[in-house]
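Quick notes on the structure that follows.
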Amino acid sequence: MTGALVVAIDGPAGSGKSTVARAVAARLGLSVLDTGSMYRAVTALALRAGLDPHDADKVSILARDADLVVGDRVTSLDVDLTAELRSDGVNEAVSVVAAHPGVRAALVERQRAWVTTHGGGVVEGRDIGSVVFPHAAVKVFLTASDAERARRRADDEHPDSVARRDRLDEGRVASPLRPATDAHVLDTTGRAVDDVVDEILAWL
Ligand code: DC
């Protein structure tokens, strides 16, 4: 991936990551990778297999070995998991799954391989600038007020569930949700998407 352009976009749930990442990718003609959907897909597969999400060994092996295709839709062995990714069961278990170092190691490897295959891209998540691509061309850490984040997620998930996930994601030992020291921290509260995208592109 030497020389490939990587834009890292991190932040908590409801900070505007997915919308901004897609818009930045469209403006730059790059592909976009939603790494949260990878953690969600592993969680969905673990639940399907009847695994306990706390079972670090079994879930990590699953994350390493599962057939997983992540794009507009997320599939495993031609089973379309897209609708399941936002289910209550996945919302509830994904932070437990994402806290296992073995799961993180397996998915970080897949994320780096994805960028190599795609010749760069816009990658959104929680640890992209801090861990996965520490040499990304631009690192952005999006935030928004609690009220705005709750409002943006309201269609998808109950505010208590989002707050619980944020707490677990921030408090975990392996790659806790934190801005990279050299990330641009950008508050998207009340701002238009195009305006945020213009600001990010000016950092390139
Ligand atoms: O972005 P999202 O809400 O779809 O992410 C789902 C969960 O996955 C989130 O609660 C934390 C985890 N996650 C992570 O630990 N690291 C990433 N790079 C992306 C997501």
Quiz item: Local charge sum around Ser87 (other residues, Cβ-Cβ under 13 Å, Lys/Arg +1, Asp/Glu -1)?
Solution: -2
Exercise. Could you calculate the contour length gain from Ala202 to His158, that is, 0.36 nm times the residue separation minus the distance between their Cα atoms, to one decimal place in nm?
Key: 12.3 nm
Quiz prompt | the chain: antiparallel DSSP beta bridges as a percent of all, rounded to 5 | solution = 20
Exercise. Identify the residues of the stretch 162-204 with backbone N under 15 Å of a label point that sits 7 angstrom from the Cα of Arg86 along the Cα-to-Cβ direction, or state none.
Key: 162
Exercise. Assign unit charges at the C-beta atoms only (+1 for Lys and Arg, -1 for Asp and Glu), then state the dipole size of the stretch 53-158 relative to its Cα centre in Debye, rounded to the nearest 20.
Key: 500
Practice problem: Enumerate the whole-percent occupancy of each 5 Å bin, from 0 to the last occupied one, for all C-alpha pair distances of the chain. | Solution: 1, 8, 16, 21, 21, 18, 11, 4, 1, 0
Quiz item: For the stretch 149-204, what is the convex hull volume of the alpha-carbon atoms per residue, in Å³?
Solution: 108
Exercise. Between beta-carbons, use under 15 Å as the cut-off and find the net charge around Arg40, counting Lys and Arg +1, Asp and Glu -1.
Key: -1
Practice problem: Note down the nm distance, to one decimal, between modelled labels 7 Å out along Cα→Cβ at Arg48 and at Asp182. | Solution: 4.0
Self-check item: the chain, accessible surface, carbon-and-sulfur percent (1.4 angstrom probe)
Solution: 52
Quiz item: Rounded to the nearest 500, what is the chain's calculated 222 nm mean residue ellipticity when only DSSP H runs of at least 4 contribute -39500 (n - 2.57) each, over all residues?
Solution: -14500 deg cm²/dmol
Self-check item: Most mobile of Gly36, Gly120, Gly50 in a GNM of the chain (Cα contacts under 10 Å)
Solution: Gly50
Exercise. Determine the principal axes of the Cα atoms in the stretch 56-138, then give the extent along each, sorted from largest to smallest and rounded to whole angstroms.
Key: 36, 26, 23
Quiz prompt | Accessible surface, per residue, of the chain when the full set of protein chains is kept, probe 1.4 Å, Å² | solution = 47
Quiz item: Can you give the charge dipole size of the chain about its Cα centre, rounded to the nearest 20 debye, using +1 on the beta carbon of Lys and Arg and -1 on the beta carbon of Asp and Glu?
Solution: 280
Exercise. Would you mind calculating the gained length between Ser31 and Arg73 on full extension (0.36 nm times residue separation, minus the Cα-Cα distance), in nm to one decimal?
Key: 13.7 nm
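The values are calculated or read from the model by the stated rules, or taken from the named source; none is laboratory data. Worth saying up front: this structure is predicted, and the values here are computed from it rather than measured. All Cβ positions, glycine included, derive from the backbone under ideal geometry; neighbour counts span all protein chains shown. Ligands, DNA and RNA are stripped out before the accessible areas are found, and what is left, the full protein with its side chains, is counted by its heavy atoms. Shrake-Rupley method; radii C 1.70, N 1.55, O 1.52, S 1.80 Å.
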